[in-house]
């Protein structure tokens, strides 16, 4: 079953080329198959195609029959040298390309600058709230929304396979096979501390790995699109904020697979972490699909007062997995709203009814996500 995606890429393809990045199994190949009609497709995951193109990179150029043709190269990071050919074909043959990749690491090292403005970079995420027909909160918080997992009759088996495939394939590609045990320990520590303030020294002690190596490993996770570091808000006029960011995996299935969490219980710490993760992933997906200029940060000062997310420096969002937010739970958000002069202060929760306490909006999670995707949250 194919579920149409919300990413707006068709109009851009009419104007020029796209480098479509996305973690493994987020549906890039299905998107191509179901939503566009390219003149030619070169899938580098197919061994015979890979062999032919790697031996003769000019093969793609030689296949062009007329100006304006749309050519797909799937998983181009397998052969980064093809970016030279793509550059030539865009400049001299008027071809349009949809290039896909599950890792920006090899491409960003040498070829992203080469492409310049010739191909717009876009990111495909797992299913968002706007793409799911039924919002099953506990299912999403447990298994995430990677398409192959979300649609599976056995999501846990899909998660287990996904995580093992990532470790095996990505580590081999990064040349870290001799350190696979060390990297695996790091991944487990990262999974146990995701959404928390990053502490490279502490994670290094848990993973028996130097802190500088831990920094490098997080860079690998970002470059292979396995997650992103959320940076702190820095514009408070008087208070000193924290220096480190927080890391969010691209889908909750990943940390749950790494730590073998098969179910989560409401009111537990794991439930609250997954609830916060859900809201961040929806915000990040909305940013990448609808509003590239959206700035998402978090606020935490040296007194440990914290607001989960700040949008465009004018909207504070706190995430509470409780079913009934009370006056005490909004006090920190109220204080910071006044200090930062935020236009809105929102608590996303499992409340049944949308309401307001002392100017702070309490919005049930499904209603919040609906308002987000209809453009009513971000100004």
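Read the figures in this text as sums done on the coordinates, not as results from a lab. Just so it is clear, the structure is predicted and the values come from calculations on it, not from any experiment. We place every Cβ from the backbone using ideal geometry, glycine too, and count neighbours over all the protein chains shown.
Assorted remarks:
- Given R0 = 51 Å, the distance between the Cβ atoms of residue 323 and residue 180 translates into a calculated FRET efficiency of 0.75.
- Spin-label pair residue 29/residue 199, simplified geometry with 7 Å Cα→Cβ offset, distance in nm: 4.2 nm
- Using a Förster distance of 22 Å, the FRET efficiency for residue 91-residue 56 (Cβ separation, nearest 0.05): 0.60
- Förster radius 30 Å - calculated FRET efficiency between residue 81 and residue 222, Cβ distance, rounded to 0.05: 0.80
- The chain, helix-only ellipticity at 222 nm - DSSP H runs n ≥ 4, -39,500 (n - 2.57), divided by all residues, nearest 500: -12500 deg cm²/dmol
- Which label in [x] 1.20; [y] 1.14; [z] 1.04 gives the computed Cα Rg over 2.2 N^0.38 Å: [z]
- DSSP-defined beta bridges in the chain - what % are antiparallel, rounded to 5: 35 percent
- Acute angle (nearest 10 degrees) that the helix 331-340 long axis makes with the longest principal axis of the chain, alpha-carbon atoms: 70 degrees
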